[in-house]
Structures are given as C-alpha cells and as structure tokens.
Amino acid sequence: METDTAAARLIPAPRSVREVPGGGDFVLDAATVVDAGPGTGATARWLRGALGAATGFPLDPAPGGGHGRDGGVIRLRTASGDAAGEAAGEAAGLGPEGYRLTAGRDGVSILGGGPAGVFWGAQTLRQLLGPAAFRRAPLARGGRWTVPAVAVEDAPRFRWRGQMLDVARHFTPKDGVLRQLDLMAAHKLNVFHFHLTDDQGWRVEVKGRPRLTEVGAWRARTKSGHRASPLWEDKPHGGFYTQDDLREIVAYAAERHISVVPEIDVPGHSQAAIAAYPELGNTDVVDTAALSVWDTWGVSPNVLAPTDTVLRFYEEVFEELLGLFPADAAPFSHFFHIGGDECPKDQWRRSPAAQARIRELGLDGEDGLQSWFVRHFDGWLAARGRRLIGWDEILEGGLAEGAAVSSWRGYGGGVAAARAGHDVVMCPEQQVYLDHRQDGGPDEPVPIGYVRTLEDVYRFEPVPPELTPAQARHVLGTQANVWTEVMEDRARVDYQTFPRLAALAEVAWSALPAPGERDFADFERRMGEHYERLDALGVAYRPPTGPRPWQRRPGVLGRPIEGAPPNV
C-alpha cells in the first residue's frame, strides 16, 4: 500500500515508497546507534555530523552490530561490502547509486548498491525525519524524532545530475562552495561543474604562473546589472582559491559522492589571463599590455593567440591543476572542461601571425583554427587519462572519440553529438539556465533572458525525442547552469537557484511515470514541505508568491531578449 504521508515528504521522488504493515514508527533518540558496514564509513560520519547536530544525539557506533541495545539501530550496508554476502543478493539490480531503505520499530536499514547508494539513502532518511532535521542545532530539548514504517526503493534515472556555478563573474568564497555542495547533496545531485576562469576573473592558484591570481583574480570595478546599465559598483572585486582550498573542496565533494569538474576557458573568455600575461594575446593587432581584467559583461573580443607559446603555457597550467582534481576522486572526476564557447574570430582575421598559422596547418579558416586548438587539448588530456568536455561549439570541425559535449544552445548540439557517438550533458539555455528570470512581473530582480518558472524547469526533458535508443544512451544526464553576472552575493545566487534546482534534481533523478509525463501538481504539493527544509538550511529562495521586498533590485537594468514578447 502506497503511503501518501511518507511520499509527500520526498524530493526528488523515489521509485517506490510503501508502508510496512505492523512495522511501527522508528523513534530516533539518545540511545540510537549507527551500525556501519564496510564501505559506509563516510555516510556514518555524515549522519553523525548532520543528524547529530539537528537532534543533539550522539549516534554512537554500534558495538557488536547493535544487538541487545535498548535503543534502535541505523544499519548501513552495501552490496559490495566484505560482510554483505546475503545483502548482495538482496541488492541485485540496485546499481551503484540505488538503495533500499526500510524503517520500523527497531530501526532503519539502508542497503545501497554501492557507497553512493547508501549516502543517497541517508539523505532520504533525513527528509523522512522532517524539516527540523536540516537545522544545525536542536529546536527543543528532548524533541521527538520519528520515521514512519516504510520501505523505499530508489535509484537515479541519470548518472550525471549536476549544477554549474560560475565563480568568475562574481566570486564565491570557499565556505560558500562547501555550502553549495551540501545543498547539492541534499537534492541527490552528483556533479559540480566549477566554472573557474573567464574574462572577468581567474579564480585558481597556479604556483608556476603567480600573476594569474596576483593580477587576473581582481578587477577594479563591476557593472551593476546588464551591460547596458549605466550603474557601476566602484570598488575592486575578486578572490581566488588556493591549491589547498581546492583540495579541500574536492575532498569534501567526494565524501558526498559529488564529482568536481573544473572548467578553464580556452581560447575565448580569456581576458583575465591575457591581462596577467600579455604574451598570451594577439600582440600583433592589440596592445595586450594595456588590457586589464574585464569589468563588464558579454563576450570580450580579446582571445588567446594560436601560438606554441600559448599551448605550452596552458599545458603547464593544466598539468598543475590535474594534481588538484584527481581522476579517481568520484565517478566523473576524470572529466576536464575547457569551455570552447563564444570565441570571437575578429582578432585572428586581422592577425598576420594567426593567418600564417592557418596556412601552415592547412586549416579551414578561423573556425578551423579554433577546432585545432580544442583538438590539441583533447589529445593532451586523453594522453593523461582524462576526458575533455566542452560547450557545444567544440563540435565545429569535429571531435576526437573520447570528448563529451555540454549542449547549451538548445537541443541541437546534444542531438548532433549523440548521433556522432559522443556523450552529452543536456543543459540548454532555454530550459535550465537559472540566471534567467523566474517570472515576467516588474518586481523580478535584474530580469535576464527567458521567463522560466519552477514548472518550466520541472517539465524539462533531457532526452531529445528524435534520438534512437542507442543514441539516447549517450545522454549522460543534465545539469542546471548558474551564471553570476547579476548575482553579486550568496543571497542572489540562492534566489536564482532555488526552488528551481529542486525541480531540476527531480528531472535528473526520478523516472518518468510515462513518456513525456510529469505531475507538477504533485511536485508542487511536495514542495510545500520542501520550502520548510530550505528555510531550515537558510536558503534565500524565491517564494512562490514572488520576491520579498529585500530580494528586489529596483532600477537595475536586466536583459530582455530582443524581438521576443514583452515577458521574455
């Protein structure tokens, strides 16, 4: 029998939630212990940190498997654990991220197909305990914590369930990144696409090239609103992550079964790097020594020069960064994103050196030059056991076999890539760019792009219908992209990201009830409790009724799309 009480609490929706007849609710109290089997230690530590803080209970390790205790037991097991022969049979078909959670009077059992599955099951347990379980300290002494007698069976639809965060346009300090990873984990998202460099800032320490952060991490001022806005914030902005910061971020993510995929943009979106090292630019047509880190938005015309000097420079940078992002940290940690999008060709057209390179290499014009640039790093990364991924412009000119594509300009790039045998992450601007406005009303802060409501994101389908089943298997999954040009602080990022990231999480995790069918009314009902979880986590989300007074930005111009209806 399906239980509406438990099912109504869960986002993303699991495959199955059923009552356990006569099982009785589990009461978590000070005597509850955690019996962690092989491979589940990270989840046990997370439970003690998260649930221990919210409840005030120690959740001690269970002596002797937890038998003979007065309190209940939370049992964590994997199908691949050393002592899980029987469990392995039970877990058949779960997959590495699947899990079964069973709760009753004596305790809670979480069986995962692998360690990640156990962790996602623990996230479900937290939701079943109620919104107060998301707080950092108990709301009342001796509060009652219960889990209904249910059996949950679950596994994700897609392997790649991600969020991209742009920290180049507006810097997010390290603690904010760790917080974002916790929010992703709470929504069972498992890929953090880390956009670390752009025209407006370079955010990663490279010891061999110190000016990248000494110069490239800082800009003198910042445009307020869209680039057409007359407003400026006339103070320096910037920041960067030390190498130890990045090691910490990667380790913190791995404990939560999240892969960190760094992005270093080439050959466009590179003005910050050129400002730091002018020899990287097209010095025969531009006085690159006069360039500074860009202080406005859009696409800078200043791009990397197609020289051996530039290739060697970025090889040195990438070599240093590969050590900070180990390939085995998490399932998608071997991916390295090189951007490859929005590279204006005007400087190459005017540059005698670039034109000589085109002739020397026998390339098909400036587009061929960009393809040559991408192919070089495709081969370089592959030789080091990594996989290149880039925005869909990297398809132009053809790709090596192992490269993957982030399809952002609609579905077209993803369709072309999948048909050519390349793996794809679907993240079309028209559906899942969360910098786009959430409503067409006049109170929406700094309105950008298309109106994309919570329901619009919820109804997004990552697999294009024109793909054959074999081609569709190349769709690794999907991600939401959070570009921060008009998000000056954490509160603005929260507002644009939530609650829509919860909708994307369900799109990425939950199986469709039938092709093309999603029940938004049911999702909206479940969001009623999810808003309470977000409140407990301190997330400054957009309320369903519209922005609160302090979330508005009156007078700051946005970017309506030209030629579109007034609400776009």
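The values are calculated or read from the model by the stated rules, or taken from the named source; none is laboratory data. Treat the numbers as computed from the prediction; the structure is a model and nothing was measured. Here the Cβ is made from the backbone with ideal geometry for all residues, glycine too, and neighbour counts use every protein chain on show.
Key figures for this structure:
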{"read-out": "Conditions (1) in contact (Cβ under 8 Å) with a residue 12 or more places away in the chain; (2) within 25 Å of Pro267 (Cβ to Cβ): number failed by Asp182", "value": "(2)"}
{"read-out": "Number of positions in the stretch 392-408 that are in contact with a Phe, Trp or Tyr (Cβ under 7 Å, 6 or more places away or on another chain) and β-branched (Val, Ile, Thr)", "value": "0"}
{"read-out": "Failed item, numbered, when Arg69 is tested on (1) modelled with pLDDT of 95 or more; (2) of a type outside the set (Gly, Ala, Ser); (3) assigned to a loop (DSSP other than H, G, I, E, B)", "value": "(1)"}
{"read-out": "Total residues in the stretch 391-442, condition within 18 Å of the chain's Cα centre (by Cα) and within 30 Å of Arg548 (Cβ to Cβ)", "value": "10"}
{"read-out": "Test for His530: is it over 29 Å from Pro131 (Cβ atoms) and buried (at least 17 other Cβ atoms within 10 Å of the Cβ)", "value": "no"}
{"read-out": "Search result, residues across the stretch 386-409 that are part of a loop (DSSP other than H, G, I, E, B) and at pLDDT 95 or above", "value": "Arg386, Trp408, Arg409"}
{"read-out": "Qualifying position, being of a type in the set (S, T, N, Q), surrounded by fewer than 23 Cβ atoms within 10 Å (Cβ to Cβ) and within 27 Å of Lys174 (Cα to Cα), among Thr497, Thr484", "value": "Thr484"}
{"read-out": "Residue in the stretch 398-412 that is of a type in the set (Val, Ile, Thr) and farther than 30 Å from Ala503 by Cα present", "value": "no"}
{"read-out": "Yes/no for Asp378 being acidic (Asp, Glu), outside the structural domain of Glu461 (by TED's automatic domain parsing) and in a helix (DSSP H, G or I)", "value": "yes"}
{"read-out": "Residue selected from the stretch 357-385 under the condition closer than 21 Å to Thr197 by Cβ and basic (Lys, Arg), by the criterion modelled with the highest pLDDT", "value": "Arg384"}
{"read-out": "Count - residues of the stretch 185-200 that are outside any loop (DSSP other than H, G, I, E, B) and more than 20 Å from Phe336 (Cα to Cα)", "value": "2"}
{"read-out": "Only one of Leu304, Leu321 that is at pLDDT 95 or above, under 30 Å from the mean Cα position of the chain (by Cα) and under 23 Å from Leu369 (Cα atoms)", "value": "Leu304"}
{"read-out": "Selection count, the stretch 79-103, where residues are at pLDDT 95 or above, over 25 Å from Phe332 (Cβ atoms) and surrounded by fewer than 24 Cβ atoms within 10 Å (Cβ to Cβ)", "value": "1"}
{"read-out": "Of all residues making up the stretch 233-267, the number that are touching a strand residue (DSSP E or B) at 6+ places or on another chain (Cβ under 7 Å) and touching a residue at least 60 places away in the same chain (Cβ under 8 Å)", "value": "19"}
{"read-out": "Unique match (being hydroxyl-bearing (Ser, Thr, Tyr), in a loop (DSSP other than H, G, I, E, B), surrounded by 15 or more Cβ atoms within 10 Å (Cβ to Cβ) and touching a strand residue (DSSP E or B) at 6+ places or on another chain (Cβ under 6 Å)) among Thr283, Thr296", "value": "Thr296"}
{"read-out": "Enumeration of residues in the stretch 201-216 that are farther than 8 Å from Ala272 by Cα, touching a strand residue (DSSP E or B) at 6+ places or on another chain (Cβ under 8 Å) and in a helix (DSSP H, G or I)", "value": "Thr213"}
{"read-out": "Every residue from the stretch 241-280 that is within 22 Å of Leu311 (Cα to Cα), outside any helix (DSSP H, G or I) and small (Gly, Ala, Ser)", "value": "Gly268, Ser270"}
{"read-out": "Pairs with Cβ under 7 Å, 6+ apart, first in the stretch 116-140 and among the β-branched types (Val, Ile, Thr), second modelled with pLDDT of 95 or more and part of a helix (DSSP H, G or I)", "value": "Val118/Thr43"}
{"read-out": "Search result, residues across the stretch 132-151 that are touching a helix residue (DSSP H, G or I) at 6+ places or on another chain (Cβ under 6 Å) and either surrounded by 20 or more Cβ atoms within 10 Å (Cβ to Cβ) or closer than 27 Å to Gly37 by Cβ (or both)", "value": "Ala133, Phe134, Trp145, Val147, Pro148, Val150"}
{"read-out": "Checking Pro513 against (1) out of contact with any strand residue (DSSP E or B) (no Cβ under 7 Å at 6 or more places or on another chain); (2) buried (at least 18 other Cβ atoms within 10 Å of the Cβ), the condition it does not meet", "value": "(2)"}
{"read-out": "Residue within the stretch 401-417 that is closer than 22 Å to Leu165 by Cα, among the β-branched types (Val, Ile, Thr), buried (at least 21 other Cβ atoms within 10 Å of the Cβ) and out of contact with any His (no Cβ under 7 Å at 6 or more places or on another chain) present", "value": "no"}
{"read-out": "Filter pass, Gln479 being in contact with a His (Cβ under 7 Å, 6 or more places away or on another chain), touching a residue at least 12 places away in the same chain (Cβ under 8 Å) and surrounded by 22 or more Cβ atoms within 10 Å (Cβ to Cβ)", "value": "yes"}
{"read-out": "Residue match in the stretch 329-346 (condition: of a type in the set (Lys, Arg) and either touching a residue at least 12 places away in the same chain (Cβ under 8 Å) or in contact with a Pro (Cβ under 6 Å, 6 or more places away or on another chain) (or both))", "value": "yes"}
{"read-out": "Answer residue from the stretch 418-433, given it is surrounded by 23 or more Cβ atoms within 10 Å (Cβ to Cβ) and not small (Gly, Ala, Ser) and is farthest from Leu504 (Cα to Cα) among those", "value": "Val424"}
